[in-house]
Amino acid sequence: MAANFWDPSEGLQGIFDIWSFRHLESVVASGVGGGSLIYANVMLRKDEHWFVRDQGPAGGYESWPVTREDLEPWYDRAEKMMGATGNPYPYTDRTAKTQAMRRAASRLGMDWFRPPLAIAFAGDGKRPGEPIPDSADNIHGVARLSCRLCGECDIGCNDGAKNSLDFTYLTAAVRAGAQLQDRSEVKEILPIDGGYEVRYVRHHADNEGIRRGTGVPPKTVLRCRTLVLGAGTFGSTFLLLRNRKAFPGLSPALGTRFCGNGDLLGFVLDSPDKLNASYGPVITSTMRVPDELDGGTGRGYYIQDGGYPGFVDWLVEAATLTGPAKRAARFAVRTDASSPADRRPARSATSWPHWSDRASRLPARCRCWAWAAMSRMADCGWRTDIWSWTGVTRAPGSISRPCRRR
Ligand SMILES: Cc1cc2nc3c(=O)[nH]c(=O)nc-3n(C[C@H](O)[C@H](O)[C@H](O)COP(=O)(O)OP(=O)(O)OC[C@H]3O[C@@H](n4cnc5c(N)ncnc54)[C@H](O)[C@@H]3O)c2cc1C
Ligand code: SF4
C-alpha cells in the first residue's frame, strides 16, 4: 500500500495523490484518467433546487449563475459517454448491503433508489466478471471484464469494469488524433507571443523507488496556441499560483475560499443485518433527504452505502482479535504505517472514538447534517461511527500555501 502514493521525489509514482493544507486535506488520483480511476462511479445530476448558495447568517439564498436546465444537455452527453445512461445497479438481490439500505429506507419512510453507475455490468444471461466482447480497442489495448462485484472501485479497478476516463473520453481523444503522455508533470506555464509555453518533467518508470528531487529531471518544452488547464481543482489552481508572476492579471482571490465536498464516512457497527460490505461495487444505492428548498425541513443530503475491498475485511477481523493474534496484527499495522508515505502529514485517523466526538470536530454547518445522517441510521437500529470525511476539515480554507507539495 505504501508504494501507491504519488510523490516522485520520494520515488513514489502510485495512484493516490494526497494534498495537505492548513485547513484542508484531500485525496485525488494521479493516473491517466484522474479521479475517475478511484471514484465511486456514481453519476448523479445535481438537484434542480440546490443550485443556490446560503446568503449568510441573515438567511436567504443566492442563485448560482448556472441552472440545472443550462447543464441538462451536458449531463446527457457526459452520462452517455461514461455509459451511465439507463444503467442503475442491477444486482440488488445479490448484495446484502443494498438490501439492508432498501429495508432501512422503507422503515424510515425515505426515498431510496439505485443511482446510475458508470460501470460495465454483465448483460442478461452472463455471469459477473466475464470478458466483455471486443473491448480491447482502448488506449491500453487490453480486453476488459465486466464487474465482478469486488468492492475495489476506490483503489482502482483491475478488471477494466469501471468506465473510467481512460476507457471513454481519453480513448476517444486518441482515436481523434490526440497525443497522450503519461508520467508527465507540468511545472511551468507562461504566455508567449501567439500562445503559451508549457514546461514539464517526465517521471520514468525506472525511477520508481528512487528518491530524487523533482528539479533534477530536465524539463521538456511544449508550445501551443491554446492552453486548457485540466489538472483538477487543486492541480490547476496550484499551477496558476506557482506561475503567478507570468499572469499578472490573476485575482488575489485565487486559491482562497476553498471547501471540500463535505462527504462523511460513517461506519455501521454491530449491525443486526449481515451487510457483507466487500461484496458489490462501492456504492450501490441511495437515500435522499430533501432540503428545505424542496419540501424538507433542513439541509438536503444523500446517504449511500459504501463498500470496501475484501482485504479490509481482514483488517476488521484483526481489530476484533485477541491475544497473540491481535499483537501480531498491531505490529503489522505499525510496521506499515512507519513507511515514508504514511509519515506524510496528511492523515492519521487511527483511533475510533464515538462518532459524536468526531462530528463535534466538523464545521458547524457540516455538523448539523452529519448529526442528522447518523441519527437517521441510529433510528434504524444501526450503531454508527464517523471515521473520516473526504476533503473537508474547517472550511473555507486557503490553498495558497500547501503544507507539503514539491
Ligand atoms: C474516493 C473518491 C470517490 C468519488 N466518488 C465520486 C462519485 O461517485 N461520483 C462523482 O461524481 N464524483 C466522485 N468523486 C469526485 C470526482 O472523482 C472528481 O470530482 C473528479 O474526478 C474531478 O475531475 P477533474 O477532471 O476536475 O480532476 P481530476 O480527476 O483530479 O484530474 C486531474 C488530473 O490532472 C493531473 N495533474 C494534476 N497536476 C498536474 C500537473 N502539474 N501536471 C500534469 N498532470 C497534473 C492529476 O494527476 C489528475 O490525473 C470521488 C472522488 C474520490 C476521491
Ligand atoms: S466492484 Fe470491482 S470489478 Fe466492479 S467496478 Fe468496482 S473494482 Fe471494478
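Here are some notes:
- Matching option when the condition is under 22 Å from the mean Cα position of the chain (by Cα), away from ligand 1 (no atom under 16 Å from the Cβ) and either farther than 26 Å from Pro290 by Cα or of a type in the set (Asp, Glu) (or both), among Arg22, Arg94: Arg22
- Which listed residue, of Asp70, Asp93, Asp76, is assigned to a loop (DSSP other than H, G, I, E, B) and of a type in the set (Asp, Glu): Asp93
- Any hit, the range 30-44, residues being more than 16 Å from ligand 2 (Cβ to nearest atom) and over 30 Å from Leu315 (Cα atoms): yes
- Selection within the range 72-91 - over 22 Å from the mean Cα position of the chain (by Cα) and over 21 Å from Val282 (Cβ atoms): Glu72, Pro73
- Of all positions in the range 216-225, at least one carries a residue that is more than 15 Å from ligand 1 (Cβ to nearest atom) and modelled with pLDDT under 95.
- Selection count where residues are under 23 Å from Ile38 (Cα atoms) and aromatic (Phe, Trp, Tyr), scope the range 110-128: 2
- Test result for Gly125, away from ligand 2 (no atom under 12 Å from the Cβ), modelled with pLDDT under 95 and closer than 26 Å to Val268 by Cα: no
- The range 51-65 - residue that is aromatic (Phe, Trp, Tyr) and surrounded by fewer than 16 Cβ atoms within 10 Å (Cβ to Cβ) and, of those, modelled with the highest pLDDT: Trp64
- Filtered residue count, the range 143-178, keeping only those that are among the small types (Gly, Ala, Ser) and within 15 Å of Tyr39 (Cβ to Cβ): 4
- Being under 23 Å from Val289 (Cα atoms), within 16 Å of ligand 2 (Cβ to nearest atom) and among the hydroxyl-bearing types (Ser, Thr, Tyr) is a property that Tyr75 lacks.
- The range 2-19: number of residues that are more than 16 Å from ligand 2 (Cβ to nearest atom), surrounded by fewer than 21 Cβ atoms within 10 Å (Cβ to Cβ) and within 20 Å of the chain's Cα centre (by Cα): 5
- Spans of strands (runs of 3 or more DSSP E) in the range 1-62 with at least 2 residues within 19 Å of Ser236 (Cβ to Cβ): 16-20, 25-29
- Among the residues of the range 34-50, just one is more than 30 Å from Pro290 (Cβ to Cβ) and crowded, with 21+ Cβ neighbours inside 10 Å, namely Leu37.
- For the range 99-120, the candidate set comprises residues that are buried (at least 17 other Cβ atoms within 10 Å of the Cβ) and within 22 Å of the chain's Cα centre (by Cα); within that set, the residue that is nearest to ligand 2 (Cβ to nearest atom) is Ile119.
- Selection from the range 152-201 of residues that are in contact with a Cys (Cβ under 6 Å, 6 or more places away or on another chain) and away from ligand 1 (no atom under 15 Å from the Cβ): Gly195
- One residue stands out in the range 80-104 among those that are in contact with a Lys or Arg (Cβ under 9 Å, 6 or more places away or on another chain) and aliphatic (A, V, I, L, M): the one that is nearest to Phe167 (Cα to Cα), namely Ala96.
- When restricted to residues that are in contact with a Gly (Cβ under 7 Å, 6 or more places away or on another chain) and closer than 19 Å to Gln99 by Cβ, the range 253-274 contains 1.
- Among the residues of the range 300-329, those identified as more than 16 Å from ligand 2 (Cβ to nearest atom) and modelled with pLDDT of 85 or more are Gly300, Tyr301, Tyr302, Ile303.
- Single condition Gly195 does not satisfy, out of (1) within 18 Å of Asn4 (Cα to Cα); (2) out of contact with any helix residue (DSSP H, G or I) (no Cβ under 7 Å at 6 or more places or on another chain); (3) not basic (Lys, Arg): (1)
- Some residue of the range 232-243 being more than 12 Å from ligand 1 (Cβ to nearest atom), surrounded by 10 or more Cβ atoms within 10 Å (Cβ to Cβ), at pLDDT 95 or above and of a type outside the set (Val, Ile, Thr): no
- Taking the criterion of being in a loop (DSSP other than H, G, I, E, B), within 19 Å of the chain's Cα centre (by Cα) and either over 26 Å from Tyr308 (Cβ atoms) or of a type in the set (A, V, I, L, M) (or both), the residues of the range 121-173 that qualify are Leu149, Ala161, Leu165.
- Counted residues, the range 133-151 - those being over 22 Å from Leu180 (Cβ atoms) and within 14 Å of ligand 2 (Cβ to nearest atom): 7
- Selection status of Phe51, more than 14 Å from ligand 1 (Cβ to nearest atom) and over 27 Å from Met287 (Cβ atoms): no
The values are calculated or read from the model by the stated rules, or taken from the named source; none is laboratory data. It should be emphasised that the depicted structure is a prediction, and the values quoted were computed from it without experimental measurement. Note that each Cβ is placed from the backbone with ideal geometry, even for glycine, and that neighbours are counted across all protein chains shown.
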